[in-house]
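The values are calculated or read from the model by the stated rules, or taken from the named source; none is laboratory data. All figures in this text were calculated on a predicted structure; none of them were measured in a lab. With ideal geometry, Cβ positions are generated from the backbone for all residues, glycine too; neighbour counts draw on all protein chains shown. The area values use the complete protein model at the heavy-atom level, side chains included, leaving out ligands, DNA and RNA. Shrake-Rupley method; radii C 1.70, N 1.55, O 1.52, S 1.80 Å.
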Amino acid sequence: MSALSRPLARLLEKPWLWAFVGAALVWLATIPFTPGRGAGDVLTAAFTFATFFVIVGIGQMFVITLGPGNVDLSIPATITLAGSVATKLMDGQDALIALGFVAAMGCGLAVGVFNYALIRALRIPPIIATLSSSFIIQSTAIAYGRGLRIKPPPALAEFTTARVLGMPVLAICVIVLAALMSVVLHRTIYGRSVIAIGQNQRAARLAGIAVDRTRLATYVMSALFASLCGYLLSAFSGGASLNMGEEYLLASIAVVVIGGTSVAGGFANLPGLWGAALFLFLIVTMLNTYGLGAGIRYVLTGLIIIAVITAAGGRKPLR
Amino acid sequence: MTSTLLAPRTLRAILPAVSLALLLAAIFWLQPRTMSYTGLNLMLNLAIPIALATIAQMFVLCVNELDLSIGAYVGYVACVTATWLVESPPLGIAALMAGILVYAGLGALIHLRNLPSIVVTLGMSFVWLGVAVLILPRPGGTSPEWIRWLMKLHTPVVPFPIIAATVIAIVVHVALMRTAYGSILRGAGGNPRAIERAGWSLLKIKVVMFALAGVFGMLAGMALIGLTTSGDANIAARYTLLSIAGAILGGCEFVGGRVSPAGAVIGAITLTLAGSFLSFLRISPDWQIGATGAILILVLALRALINRAEERQ
Amino acid sequence: MTAPIVELDGVAKSFGAVRALAGVGLVVDAGTCLGLVGHNGAGKSTLMQILAGTLAPDRGRIGVAGQDLSRGYDVVTAQRHGIRCVFQELSLCPNLSVAENARVFHPSIRGMGWRRRAAELVVAGLDRIFPRHGIEPGEVVGDLSIARRQMVEIARAFSVTDVPVRLVILDEPTSSLDALVAEQLLAFVRRFVAEGGSAILISHLLGEILETSDRVVVMRDGLVVEARAAADFSRESLVAAMGSVAEAASDRAAGFVSRRQGEPACRASPADQGQGPELRAWPGEVVGLAGLAGHGQTDMLVALFEQLGPKRSALVAGDRQTDGIFPLWSIAANISVGSLRDMVHGLLIDPGAEVELAEEWRRRIGIRTPDMANNILSLSGGNQQKALFARALGSTADIVLMDDPMRGVDVGTKQEVYAILRAEAARGRTFVWYTTEMDELAHCDHVYVFRDGRITAELAADALTEEKVLHASFADEAA
């Protein structure tokens, strides 16, 4: 046995490895067919868009880690609401960037508290609670944002599209954010509590863990990250739109599943989110490069998710 | 002692019908002209595909799963119906049958690999959407003549949608609630281990229930094309949410196999009418979805209150 | 003499590292009722699940009516040979009606008029066993009381369509029935046996066993330790065969010193207590909760835990899989989860402190593993339980609540843990200890006996006798 084999074996055990391997393979399969655009450009674009997947993925991951039945379906509606509210309040003025941020976070806080209140007070599964609330949030966003044609503040738009050495600044920030959240997950009482609840909620309660407080915090956090995504996305894409959150329901769950987090709860990792988000975006790029239409793209995205979840298997169903 | 009329179980059972009656009364009061053959026909014909999709969702709920792909699947069926079923019926029929087979296969996959149904069906929603886009890239197509004829049927005295809804409710009620095998299917939602211990195959039950969901989703897509006469991949995107909401409004529980076909149909009609009601109130269509959510929360809150009263007894 | 209905030989079953059955033989003759007794964890329910076909044995022979059916024995085989089982946890579908539940059990009820036939079948069964039962076949099972569900379950097990019923296993059938209905059931079992059927009766109520059975089999630690005619047993000899109170009890009673001075560390009453003694525990005391399993002791512990909060109290789960273990975590993480608050420096948990705590307890309580970073499930059942003790004892809580923690734990481990408990109590910690094993009550300073969710007796160590505990646990029988 060589001295290398042990670190290698440990690397092979990492749940997030396969997402990165998949992303790298797809990237390699794409670059020979991208005339005029270098391999670096493809990566830059991938990091740019993956950033938004990762932001919502973090929140969704903590929710899913709470165990069977926990999932946040209100993320797309929350993205739209926070994006619309922030854009309208900032009214394209750089001076109001902070105000917009506070407003977006306020939306997230309200949504998160409302979601958990429904779960607790009506004693309904989180799927149904977040689904019901998403209807209301979506309507609020539509009613509030109707006819919205406001540009984001230039400074904020510039920040979301800035690059350093080809690397999007926002992506760097979110890599740091993911690293921070990884510490939160593994090294704080809150993170340990989330993982413990996901493995066995009753045992967690009997071990003295504050189950209700932890779950409330997690649903609030998921809504906050969705709001952050909405805030940044509206600045990035030149304004809020009513369907801006649409693709993030599948994306938020897909990056968690593909990233090697257990859908049955109690086991999570942050790096996998990045691997999975890059993988998802690069797949789309690859199919575009090959000249395949939207239909094939949808079919393959769906099949990949089903294949990954089938390969990973499930301990218990999510509901 | 409370009278049996106020017993929690009775209250829960009549809640859907009472909500519908109240809503209808309010609509008639606001807009007396709707209390006519044409008025009811106009308000209710879109309820038929929604009711069929809700029944499909109910089958899946009955075995403690959830189908987030039903809307996309109905869209797929609509695209097949509007194109292949008109141009080349054998191909169209084969495509529709394949859809049902895929549903049955999903049931088997979810059971055998013990997968979370929401992730699998969320993935499937993209597959259906993709295939639908491939079949019909732009809105278009036409309805097969016989489906259009059926959906526009001018029945005497009672409008067709009411007859259709009644027939759907009765057929499914008899099949699921009154047959010998139906009790096994429902029992699998109530206590799967007991059903297994009694020697029944849970795999077969899951496959049957998902296949039934596929059949009713197919009927929903065909009925929808009969009304709209042209197809679009996104035509039924809202059906996923509406079907879940309708089933729950109709008294179906999320787990435990407690379902009600008649309730599901009533729930679907209530949701459809809620749209008309809001427009009669001159409330902006922006709030349509929000109203669905609010109604859902209201009904769930009422149910939670009833349950709590029951516990206290 | 015809061949016995059931013949089990050398049946063994292990769950992971825990050995539930260690080669058990059992014979049931036609036209007899076999009583099966033993403490919790003795292996009775596992054995019955194997006989009913819901659990496959690791090895052993299963013979039914002279035929060897060991290969591929399952539920369907058992049913085809007329073996029925009333399980301890109910196996009715709560969302179906009484009649529909009968249908689930009888595949031959189908076609036109099946509802009527199913209803007739189950009502006839109920009438036969429980006259004046008052249960309607159309009622949804979830709306029935627990006792009535149990009655439906029993009637269903005895109902016949195409296969004659030859053996019915009744696992604690009277636990949720009132005395009159239980009497009806036992009388019916006698009639059923007299007509040539067979039954296996499992019960903690020894009087019930002695009155109803022809033969009694005693199980202990996964083995059959005695099997004789019921007439050869008395209550005392039966209790002795199940495992008697250790001799040490009298020694402890002699040197017993009450610690009941000053303020108690905690006090509480069960929710349904009404009048009667209140549970109190003083610093340094080991307080025992006795009585039959499921009579409110666990609820009492959980209520105490909620009342005291995680800073003052820690709970040692007995049902490791559902209440204790975090299956994806290492042994160390499973221990440190009880002390996270004390290991935080700044905002973060100190990994060094975690390792230190785990290593300290590996030494003190003797967890046998090469590496505390290994997964908790790599441990044997006894060592998993030690880790759960370490979680509670390693925390700063001064009151430790224990929920029958020695279930399925080997004798050696028990002795080690008892010694640590005494040492910790001597240092001023309070223990509230629910146990179903008589021997363990001898380690307690003060014992409260539970029945039907209430405390029925309070005994200090110097007044503790098995007779008194039994008397208080079986209030009905003693009367």
Notebook entry, point to check: Which is in contact (Cβ under 8 Å) with a residue 40 or more places away in the chain and not in a helix (DSSP H, G or I), of A:PRO15, A:PRO76?
Noted result: A:PRO15
Check: Among (1) over 30 Å from A:TYR290 (Cβ atoms); (2) open to solvent by 60 Å² or more (accessible area, probe 1.4 Å), which single condition is A:ASP41 missing?
Finding: (1)
Note to self: Among the residues in region C:180-187, are any touching an Asp or Glu at 6+ places or on another chain (Cβ under 9 Å) and of a type outside the set (Asp, Glu)?
What the structure shows: yes
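Looking at region B:296-312, which of its residues are free of Cβ contacts under 8 Å to residues at least 60 places away in the same chain and surrounded by 18 or more Cβ atoms within 10 Å (Cβ to Cβ)?
Passing the criteria: B:LEU296, B:ILE297, B:LEU300.
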Next item on the list: For A:LEU224, work out the one condition from (1) within 13 Å of chain B (Cβ to nearest Cβ); (2) in contact (Cβ under 8 Å) with a residue 40 or more places away in the chain; (3) open to solvent by 10 Å² or more (accessible area, probe 1.4 Å) it doesn't fulfil.
Entry: (1)
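Could you list, in sequence order, all residues of region A:270-280 that are open to solvent by 10 Å² or more (accessible area, probe 1.4 Å) and either within 14 Å of chain B (Cβ to nearest Cβ) or part of a loop (DSSP other than H, G, I, E, B) (or both)? Lay out the reasoning, then the answer.
Step one: filter region A:270-280 for residues open to solvent by 10 Å² or more (accessible area, probe 1.4 Å), giving A:271, A:274, A:278-280.
Listed by number, the list holds a single entry, A:LEU280.
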Checklist line | Count - residues of region C:348-380 that are touching a residue at least 24 places away in the same chain (Cβ under 8 Å) and either within 13 Å of another protein chain (Cβ to nearest Cβ) or touching a Phe, Trp or Tyr at 6+ places or on another chain (Cβ under 8 Å) (or both) | finding: 6
Notebook entry, point to check: Conditions: (1) within 10 Å of chain A (Cβ to nearest Cβ); (2) under 20 Å from C:ALA387 (Cβ atoms); (3) hydrophobic (A, V, I, L, M, F, W, C). C:VAL302 meets all but one. Number of the miss?
Noted result: (2)
Next item on the list: Only strands (runs of 3 or more DSSP E) wholly contained in region C:219-330 count here; list those with 3 or more residues that are open to solvent by 40 Å² or more (accessible area, probe 1.4 Å) and at pLDDT 85 or above.
Entry: C:223-229
Note to self: Looking at (1) assigned to a loop (DSSP other than H, G, I, E, B); (2) among the polar types (S, T, N, Q); (3) modelled with pLDDT of 95 or more, which one does A:ASN70 not meet, given that it meets all the others?
What the structure shows: (3)
Check: Among the listed residues A:ALA196, A:ALA235, A:ALA204, which satisfies the condition of being touching a Pro at 6+ places or on another chain (Cβ under 6 Å) and buried (at least 24 other Cβ atoms within 10 Å of the Cβ)?
Finding: A:ALA235
Next item on the list: Please state which one of C:GLY196, C:GLY134 is in a loop (DSSP other than H, G, I, E, B), open to solvent by 40 Å² or more (accessible area, probe 1.4 Å) and in contact (Cβ under 8 Å) with a residue 40 or more places away in the chain.
Entry: C:GLY196
Check: How about region C:137-186: which of its residues are hydrophobic (A, V, I, L, M, F, W, C) and either in a loop (DSSP other than H, G, I, E, B) or on the phi > 0 side of the Ramachandran plot (or both)?
Finding: C:LEU144, C:VAL160, C:VAL163, C:VAL165, C:LEU177
Margin query: Just the residues that are away from chain B (no Cβ under 14 Å) and assigned to a helix (DSSP H, G or I), please, taken from region A:227-255.
Written below: A:SER227, A:LEU228, A:CYS229, A:GLY230, A:TYR231, A:LEU232, A:LEU233, A:SER234, A:ALA235, A:PHE236
Notebook entry, point to check: When the residues of region B:124-138 are filtered to those that are farther than 30 Å from A:VAL71 by Cα and assigned to a helix (DSSP H, G or I), which remaining residue is least open to solvent (accessible area, probe 1.4 Å)?
Noted result: B:ILE135
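Does C:VAL122 satisfy being β-branched (Val, Ile, Thr) and open to solvent by 60 Å² or more (accessible area, probe 1.4 Å)?
no
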Next item on the list: Tell me which residues, restricted to region C:375-431, are within 16 Å of C:GLU360 (Cα to Cα), open to solvent by less than 50 Å² (accessible area, probe 1.4 Å) and assigned to a loop (DSSP other than H, G, I, E, B).
Entry: C:GLY394, C:SER395
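Considering only region A:70-105, how many residues are surrounded by fewer than 16 Cβ atoms within 10 Å (Cβ to Cβ) and within 30 Å of B:ALA304 (Cβ to Cβ)? Break it down stepwise before answering.
Step one: filter region A:70-105 for residues surrounded by fewer than 16 Cβ atoms within 10 Å (Cβ to Cβ), giving A:91-95, A:98-99, A:102.
This time we only want the ones that are within 30 Å of B:ALA304 (Cβ to Cβ), so: none.
Residues meeting the conditions: 0.
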Check: Taking region A:174-196 as the search range and keeping residues that are part of a helix (DSSP H, G or I) and of a type in the set (Ser, Thr, Tyr), which one is farthest from the other protein chains (Cβ to nearest Cβ)?
Finding: A:SER182
Item checked: Given (1) facing another protein chain (nearest Cβ under 8 Å); (2) farther than 24 Å from B:ALA95 by Cα, index of the condition B:VAL167 fails -> (1)
Next item on the list: Can you tell me which residue among B:GLY190, B:GLY141 is crowded, with 19+ Cβ neighbours inside 10 Å, within 30 Å of C:ALA99 (Cα to Cα) and among the small types (Gly, Ala, Ser)?
Entry: B:GLY190
Check: What about B:ALA262, is it out of contact with any strand residue (DSSP E or B) (no Cβ under 6 Å at 6 or more places or on another chain) and open to solvent by 20 Å² or more (accessible area, probe 1.4 Å)?
Finding: yes
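Does region B:145-152 contain at least one residue that is facing another protein chain (nearest Cβ under 8 Å) and open to solvent by 50 Å² or more (accessible area, probe 1.4 Å)?
Checked against the condition, which is being facing another protein chain (nearest Cβ under 8 Å) and open to solvent by 50 Å² or more (accessible area, probe 1.4 Å), region B:145-152 yields no hits at all.
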Note to self: Just to be sure before I move on: is B:ALA194 at the interface with another protein chain (Cβ under 10 Å from one of its Cβ atoms), farther than 25 Å from B:HIS173 by Cβ and out of contact with any strand residue (DSSP E or B) (no Cβ under 9 Å at 6 or more places or on another chain) in the structure I sent?
What the structure shows: no
Note to self: Could you go through region C:80-99 and let me know if any residue there is among the hydroxyl-bearing types (Ser, Thr, Tyr) and either open to solvent by less than 20 Å² (accessible area, probe 1.4 Å) or modelled with pLDDT of 90 or more (or both).
What the structure shows: yes
Next item on the list: Could you identify the single residue in A:ILE258, A:ILE296, A:ILE305, A:ILE283 that is within 13 Å of chain B (Cβ to nearest Cβ), over 22 Å from A:ASN115 (Cβ atoms), surrounded by fewer than 23 Cβ atoms within 10 Å (Cβ to Cβ) and in contact (Cβ under 8 Å) with a residue 24 or more places away in the chain?
Entry: A:ILE283
Next item on the list: Restricting attention to region C:344-360, report how many residues are open to solvent by less than 10 Å² (accessible area, probe 1.4 Å) and not in a strand (DSSP E or B).
Entry: 1
Checklist line | Meets criteria (more than 14 Å from every other protein chain (Cβ to nearest Cβ) and either open to solvent by less than 10 Å² (accessible area, probe 1.4 Å) or in contact (Cβ under 8 Å) with a residue 60 or more places away in the chain (or both)) for A:PRO154 | finding: yes
